[in-house]
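K.L.:
Structure provided below as structure tokens; questions to follow.
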Amino acid sequence: MSTSFGRGRFAGRSHLGDALSALLDGELSPGQQETARAHLVGCQECTDELSAVGQARSWLRGLPQVDPPFGFYERILLDRPVVAAPLGVRPGLRRRAGIAALAAAAAAVTVLGVGSPAAQPVNPSMPQLVEAHATSASVGADLLSKLAPAGVPVSFSR
Amino acid sequence: MRVRAAQASGTVAAVALVAGLAAPASAGAPAPLEAARQAAEQTVFEGVLTVRWRDGDATRSERLQVEAGGGSLMVRGANLVMAGPEQQRLLAHGGGGWEQMWLPSLAARARPDGNAKYRTTTPADGPAVAGRPTKVVEVHTGGALLERIYLDRETHLLLERDQYDRQGAIVRQLAFESLTIGGVAKPPTQPRPAADHSPKQVSPERLPSPAAAPERLADGYQRLGIYRNDSVLQVLYSDGVYDLSLFQQQGRLLRSDLPGKGEKVSVKGATGWRYPWPGGQLVVWSDGGQVFTAVSDAPPEQVLTAIESLPQAPGRELSLLGKIRRAAQALMEPLS
């Protein structure tokens, strides 16, 4: 949908943009929600973005909480330097290197959590799947029965 | 009660004879539906088509402008949909650009013989639809009326299709409000080059497991083709009258991400959710680290029977403990 919103939070916009996150977080007023949902019915771009934002939120929610093994921090920061400090490097730098390693480790956990395809939450894009079905199933079949319903955008109330 | 193939072929021949319809070139839809298919591809017409469908306790409806000629058919609703020459399919969301949804190179197998499962009645004179005289045909299976189909007496174009539930109430209807046949429609023109959103054909041998795309499902559904679009695998099935797409994505389903109005159903011992759409219904569920979405125009009980016959998904999702263990191992490896 390329029309601009006339007033309120969406004034002057042709797409929902940041309002999509607010919609998912329940931060929009009922009127704004209604406007946003009405826009989503006709705007595939915003529908796709909503799906992507929703998926990112789901991924984050799905990350495992990992407790480090006993003594993990101590080994990194005190007893077992992860990054061998060159001669002359001050202890403060070594500590920073350890913290950086911790940050990298945390990032690794995040990547593992998100990157595991089997564990990744999936939010099927129902409208797209319906369209894919209608267009493929209409091949070699009655076009009016099988294809015409795809002229109606699919929307499901949340 | 299923009709034996031999009896069914006799019925079809009789139906075709009485109706004066051309016999289908191959096995597939019963003769009246095959005649309607050919008419939609060959007739020049334009009209307004209304789609009505039951959505929970409410009935929803949309009007669509349809025009056909020169081997193409265009549907104008909030979405634009076009069937172009050589089986091209294009779609544009309101105001957006055209997307190529299906290419001629994506061959599908011929549909199975629908007469093995369905019985169609002899065409009889029906009421006028959009001011045109009709022949009405009923589609039955197991003694139950599934559909009444009203075909234009002159061209065999489908003018109305009513689908019934087990209680005999209409759950979905497609009907012309107005229709002009012949010589008035300007043939829909092929849109400018569209973004390619068509799937890629997948050979069964290239699947990680044959269980991902069984050749047959219960209730007579046979596989027509396997396709992939990005990370989504689509297996298309048909029983000769209805079609069923089984979409598969790796991952797990979060109930909180699904639309709230779904009807809870049991699928292979797990919980699934069913949603109506203008052309049928959709069932979504999760099994063995896969998210499945079945989209079909078939009656609800048929869809559930068909998907119940799917083999157990081979992969199993890691438990939370498994995920933690794997993450911790990977984390500790470079540090030890």
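K.L.:
For a footprinting-style exposure proxy, rank B:S178, A:S155 by other Cβ within 10 Å, fewest first.
P.N.:
Result, fewest neighbours first: B:S178, A:S155.
K.L.:
Shape call for the stretch B:94-250 from the C-alpha gyration tensor, a ≥ b ≥ c root eigenvalues: rounded (a/c under 1.5), prolate (a/b greater than b/c) or oblate?
P.N.:
Taking the square roots of the gyration eigenvalues as a ≥ b ≥ c, the stretch B:94-250 is oblate.
K.L.:
Right, something else. If Rh is defined by the Kirkwood formula over all Cα pairs and Rg also comes from Cα, what ratio Rg/Rh do you get for the stretch B:4-181?
P.N.:
0.97
K.L.:
Let me ask something else. With just the Cα atoms defining each centre, how far is the stretch B:143-180 from the stretch B:285-315? Give it in Å.
P.N.:
Spelled out, the Cα-based centre of one part sits 28 Å from the other.
K.L.:
Relative contact order for the stretch B:4-181: what is it in percent, counting Cα pairs under 8 Å that are at least 6 residues apart?
P.N.:
23 percent
K.L.:
With Rg and the Kirkwood Rh both taken from Cα atoms, where does Rg over Rh land for the stretch B:199-308?
P.N.:
A ratio of 0.94.
K.L.:
A further question follows. Quick one: order B:E99, B:E34 by neighbouring beta-carbon count within 10 Å, fewest to most.
P.N.:
So the residues, fewest neighbours to most, are B:E99, B:E34.
K.L.:
Defining a contact as two alpha carbons under 8 Å apart and six or more residues distant in sequence, what relative contact order in percent does the stretch B:119-204 show?
P.N.:
Here the relative contact order equals 18 percent.
K.L.:
In addition: Taking neighbour Cβ counts within 10 Å as the exposure measure, how do B:R89, A:R37 sort from fewest upward?
P.N.:
A:R37, B:R89
Rule-based calculations on the coordinates, nothing more; no lab input. All of these numbers come straight from a predicted model, not from anything done at the bench. Backbone-built Cβ (ideal geometry, glycine too); neighbour counts: all protein chains shown.
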